[in-house]
1. In region 178-205, which residue that is in a loop (DSSP other than H, G, I, E, B) and in contact with a strand residue (DSSP E or B) (Cβ under 7 Å, 6 or more places away or on another chain) is nearest to residue 117 (Cα to Cα)?
2. Going by what's in this entry, would residue 725 be described as closer than 24 Å to residue 662 by Cβ, at pLDDT below 80, in contact with a strand residue (DSSP E or B) (Cβ under 7 Å, 6 or more places away or on another chain) and part of a strand (DSSP E or B)?
3. Report, by residue number, each residue of region 143-177 that is outside any strand (DSSP E or B), in contact with a strand residue (DSSP E or B) (Cβ under 8 Å, 6 or more places away or on another chain) and at pLDDT below 95.
4. What's the total number of residues in region 515-540 that are more than 34 Å from the chain's Cα centre (by Cα) and either without any contact (Cβ under 8 Å) to a residue 60 or more places away in the chain or surrounded by fewer than 19 Cβ atoms within 10 Å (Cβ to Cβ) (or both)?
5. For residue 197, state whether it is surrounded by 16 or more Cβ atoms within 10 Å (Cβ to Cβ), touching a residue at least 40 places away in the same chain (Cβ under 8 Å) and either in contact with a helix residue (DSSP H, G or I) (Cβ under 7 Å, 6 or more places away or on another chain) or over 23 Å from residue 97 (Cα atoms) (or both).
6. If you go through region 434-456, how many residues are assigned to a strand (DSSP E or B) and within 43 Å of the chain's Cα centre (by Cα)?
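The values are calculated or read from the model by the stated rules, or taken from the named source; none is laboratory data. Only a predicted model underlies this, so the values are computations on that prediction, with no experimental measurement involved. Neighbour counts are summed over all protein chains in view; Cβ atoms, including those assigned to glycine, are modelled from backbone coordinates with ideal geometry.
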């Protein structure tokens, strides 16, 4: 039976205890200041214990319990020798060893033989250690440490564990990999691990990957957990053929639990010094972002011939704010400002940025009460398309108010929609538009058949400025609209299986009155793209400036197979066509008259044989066309497998407009290696000598282990009709530590549909 010794030690004196004939202090390790660290509100611990329990807890910390298989006492030297399975237990601290010498006068214990230390998640093993019973300080020779909850581990030549939950290490390693064979290591001469604040600091630091040094810093601060920390981040390195090499040294500032800032000073070889900053804030009722970038005296832009301003400074300012109030009131603000029209050509991320003609600025207000919905907005733009003339500039909205109310009753349903907007333009006709719509409808059901008659009256009036001579400055239109929607659902279970077949024939009748609309300008109206859903809408135009005149009948048929076991549709196919009883005289340009007796035939097909596989197709066919009867074809295929395997293939064709193909994939060659790729091609430009058929090509390699990930991506993308940008970017992510290189997750996700950038 083990002998148990209970020792109570009262601490009175204040003197330094020498260990291994040297004093070790915090200042010996770090002599420079460290940035403040702020925890989020979720990190703040809450204690519900009473004061009495706290007092008892404090007193229990001074009680040391010692256990051993054998005990020997030397009274003359006041030494107690413990052998066998020895333990020193003090509060949450437990130190185990094979041999322990307790020196009462010096208030310390010397332990040797498989020393194991445990305290609040930290585990340390060492061949020799000394424990100061007065200060609760533990010194280790050649320790190996790990913190399983945080997935961190390492080893050192010498280590000190203090009562304040700090650990100091000399000539140490730090990693989130397996300690025996780590893929990466942080090697520091002097290292401090503060587990209470969740931050580590190290001097003379090398970061190695597979034993190869990839980064050095004289000082580094890093996080031990997922709490946000203030400090410098590892620099980002990237480059391109146009911009040259980029070097960015980010600084992260955790200003408060609900706000932070990322400051990124950098240097672009061919352009000069650039500064970027992103400020974010968050509260229970609001959130927002403020972004600013500034490039002083762009040397490349100065000599390009594009600059038409007095200086070559380049900048971008972005502000976004959303605020939700308790009384169902929501405010949304957005503001963008760019220095010049070529900003996105030079600093955009790809074709989507460089092809954008303008950016929106808005202020929106939403309010809901008692079934009423109120939406208001101010809308403005900054255009930066150098080929966009004054007449092509978009309208500003100053402001627009939309009020909507719908009431569903047993006998009849009704809805009211009121829209008032002030339109402003630099050169074109502008003014005020008011639109009111009143609708009545009811749906009848009987034996799988639904019949929905609907009657709507729409009135739109204008008060215009800069109206053309001979046209009314206060035009208006009043349009009666009647529709009758009839649908039948026929279902049958196939051979007592879990498969159900459904057939849905549908007949939709629409009448919309004709009224001369040639005096009315076009503020926000265009012809909707003809799709299957367009067969059942009461207006072929978007916006309020045009109402189609029509007397038509739509015939459609849908068929599908539904799995009862999986509760999902496996296959669906739909086809439909509109038949017109009268010619249509209303158009956007007030000139063309449609005399066709029927529309194009439009069809949609979707097939999902498995949860991870889908195929979709859209067809539009013109039976009256003389030559090419196919008007539109859109086909998409996607497969999403295990381990983030994704394959996409799509083809888009619209007669006399576009013909493009798109292939993309992220595929695992093994458990750790993934290949990435995308090819987006414009077949209408494939004969161009400059190979301008290419829209974007991407090729990359991704390596992932349990504790680190690396990406290498080469990209070529079109920035305008005849110009391309090429770049090579890399990123190394060390789990629980930091990233090296350019963040590529968003870029890959945008290029490869379905790719998920996992948290690391």
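1. Going residue by residue through region 178-205, those that are in a loop (DSSP other than H, G, I, E, B) are 178-183, 195-198.
With the extra rule that they be in contact with a strand residue (DSSP E or B) (Cβ under 7 Å, 6 or more places away or on another chain), the set shrinks to 179, 182-183, 195, 198.
Values: 179: 17, 182: 22, 183: 26, 195: 15, 198: 20 Å.
Checking each candidate, the answer is 195.
2. Working: closer than 24 Å to residue 662 by Cβ: yes; at pLDDT below 80: yes; in contact with a strand residue (DSSP E or B) (Cβ under 7 Å, 6 or more places away or on another chain): yes; part of a strand (DSSP E or B): yes.
Criteria met by residue 725.
3. Going residue by residue through region 143-177, those that are outside any strand (DSSP E or B) are 143, 148-151, 162-165, 176-177.
Filter once more, keeping what is in contact with a strand residue (DSSP E or B) (Cβ under 8 Å, 6 or more places away or on another chain): 143, 148, 162-163, 165, 176-177.
Result: 148, 162, 163, 165, 176, 177.
4. Number satisfying all stated conditions: 9.
5. Values: surrounded by 16 or more Cβ atoms within 10 Å (Cβ to Cβ): yes; touching a residue at least 40 places away in the same chain (Cβ under 8 Å): yes; either in contact with a helix residue (DSSP H, G or I) (Cβ under 7 Å, 6 or more places away or on another chain) or over 23 Å from residue 97 (Cα atoms) (or both): yes.
Judged against the criteria, residue 197 is a match.
6. Residues of region 434-456 assigned to a strand (DSSP E or B): 434-441, 444-446, 449-456.
Applying the additional criterion that residues be within 43 Å of the chain's Cα centre (by Cα) yields 434-441, 450, 452, 454, 456.
Qualifying residue count for the region: 12.
So that you can scan it fast, the table gives a plain yes or no per residue for (1) surrounded by 16 or more Cβ atoms within 10 Å (Cβ to Cβ); (2) in contact (Cβ under 8 Å) with a residue 12 or more places away in the chain; (3) part of a strand (DSSP E or B); (4) out of contact with any helix residue (DSSP H, G or I) (no Cβ under 7 Å at 6 or more places or on another chain):
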residue: 76; (1), (2), (3), (4): no, no, no, yes
residue: 87; (1), (2), (3), (4): yes, yes, yes, yes
residue: 100; (1), (2), (3), (4): yes, yes, yes, yes
residue: 114; (1), (2), (3), (4): no, yes, yes, yes
residue: 127; (1), (2), (3), (4): no, yes, yes, yes
residue: 131; (1), (2), (3), (4): yes, yes, yes, yes
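Table: residues versus (1) within 30 Å of residue 444 (Cβ to Cβ); (2) modelled with pLDDT of 95 or more; (3) surrounded by 14 or more Cβ atoms within 10 Å (Cβ to Cβ).
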{"position": "384", "(1), (2), (3)": "no, no, yes"}
{"position": "390", "(1), (2), (3)": "no, no, no"}
{"position": "417", "(1), (2), (3)": "yes, yes, yes"}
{"position": "426", "(1), (2), (3)": "no, no, no"}
